[in-house]
Amino acid sequence: MKINNFLNIPIVKIIVTLLFFYYIYEQTKDDPRSASYQIKNANFDESVGAVKTALKLTAQSASNDDKGAKLPIDNSTAEIKSKPLVFVDEIVGQSGSLIACGNEVFIQYSISDKESKAVLSQSSYSLKIGTKTNLLVEKSLIGMKVGGVRVVDIPSDYITGEGSVDELLKTKKLIYKIVAINVINPQTSENCEL
């Protein structure tokens, strides 16, 4: 029997496919950005929403590869404190407890034109809630759960740290789309003022 004939047997195809997925799982189970990590560290049923969201954003990220994406910075803390935060939950997270001050959260985000829905920038990173690295994003994450997707209106006087985006904010309405992928230290929370 030739190898090609052997590989065309349906049961062999199934076994090879299962072995391939097991290999991928084993290679990625310790990476907090991976679906394997979500499955390993949480109840499977609770992780499905987070895994779907991560896969959807990963596919979108691959098609809109933005190599110049930077961690947005916040230079307008006073202005944000005085204005109410405007957001909509596209998907309510189902996994784990509510995100709170002190949690280190791994997120994926995109900045888009509110009207045309064109994605201007996207990236992923982890941040600790309460450090005020990006006050708008930190405030937006409070109360979310893993797997949640929140769309936040970016105030017109906000500074993202990305020159082209900051210029657009002067004439267009932009939004953050924030996906809570994982809480790295869910048991750690502290009092902080945002």
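Assorted remarks:
- Tally, over region 111-138, of residues that are among the β-branched types (Val, Ile, Thr) and either more than 15 Å from the chain's Cα centre (by Cα) or under 17 Å from residue 92 (Cα atoms) (or both): 3
- Checking 165, 151 one by one, the residue that is buried (at least 19 other Cβ atoms within 10 Å of the Cβ) and either over 23 Å from residue 89 (Cα atoms) or not basic (Lys, Arg) (or both) is 165 and no other.
- Any hit, region 157-165, residues being under 20 Å from the mean Cα position of the chain (by Cα) and polar (S, T, N, Q): yes
- A residue that is in a strand (DSSP E or B) and either touching a residue at least 60 places away in the same chain (Cβ under 8 Å) or within 14 Å of the chain's Cα centre (by Cα) (or both) can be found somewhere in region 139-148.
- Restricting 171, 188 to residues that are part of a loop (DSSP other than H, G, I, E, B), among the β-branched types (Val, Ile, Thr) and modelled with pLDDT of 85 or more narrows the list to 171.
The values are calculated or read from the model by the stated rules, or taken from the named source; none is laboratory data. Worth saying up front: this structure is predicted, and the values here are computed from it rather than measured. Note: ideal-geometry Cβ built from the backbone for every residue, glycine included; neighbour counts use all protein chains shown.
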